[in-house]
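Comments concern the structure below.
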Amino acid sequence: MVKKLIKHELYAYFRSVWPVTIVVLGLTVLSWIMSFAQNSLFYWMLSLIMLVVLIYGVIAMLLGPIAKRFRKTMFSGEGYMTFSIPATPVQLIVAKLVSAMILWIYTLLLFFVFSLLFSLSLRSFDIENSLSQWSTFFNEFFHDVAKDPLLFAEQLVLALVASVSGILFIFTGICVGQLSKSRKSMVTVLFYVVIFFIVLFLQPFLSDLYTWLYQLNQYVSTLLSILFFAAIAAVCFLSTKYIVTHKLNLVA
């Protein structure tokens, strides 16, 4: 059942993402074509616009569909159909989480491709110098991996767990908003804002603590970071499951 749900979610994501992909890709190609124009001022203005569109387009491609899809299928009128499916709340949440992670990877790859195409359109772009820098980067990267594979594995797991916790945090915020009888979107935004300021307040302390632990033992500090984000993911998952199971508030 989870596999079927994931396929359905990915198909829905594709319908939302492909128009943004085409637009950003088209504008990036247009920027490359305009790099041959004689009007330098117009070209640089266009390049700046392309860069802004690239950044916000990728962000919208990731956050927009994830939040919209979760709210629509779980708490709107479509939720009646969702919860008529022979699937448990855990299966529904897991399917949406896995689908969102796949979208996250897809977005990262697109961002890399679009950034590369945008760089090629810049007149100041030096292909030989860029290839040399990339070669140096990959040589150092593989050297570091071979030198300390355990630390690399820990950092890879950390990136994965942090991404999962971030997506589950989005789910939790939407669920908290649905607890309100009115102004659900406002409550969701307020929840995110409150958490943001709490993190902002704790950031100096957490940063100093992490730096101290990293200098003391980088393996332990990375492991503690994994456990920290895993705890956040667990809290968000359980909170989402509880609200979906016991506090469901569908809107027709």
In Å and whole numbers, how far do the C-alpha atoms of the range 149-252 stretch along each principal axis, longest first? 53, 27, 16
Residues with beta-carbon under 15 Å from that of residue 77, excluding residue 77: net charge, scoring Lys, Arg +1 and Asp, Glu -1? +4
At 7 Å along Cα-to-Cβ for each site, give me the label-to-label distance between residue 147 and residue 83 in nm. 5.5
Please give, to one decimal in nm, the separation of the simple spin-label points placed at residue 223 and residue 7, each 7 Å out from Cα toward the Cβ. 4.1
At 7 Å along Cα-to-Cβ for each site, give me the label-to-label distance between residue 200 and residue 25 in nm. 3.8
Considering only the other residues whose Cβ falls under 12 Å of the Cβ of residue 66, what net charge follows from Lys and Arg at +1 and Asp and Glu at -1? +4
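No lab work stands behind these numbers, since they all come straight from the coordinates. Just so it is clear, the model here is predicted, and its values are computed rather than measured. A quick note on method: Cβ atoms are made from the backbone with ideal geometry, for glycine too, and the neighbour counts reach across all protein chains shown.
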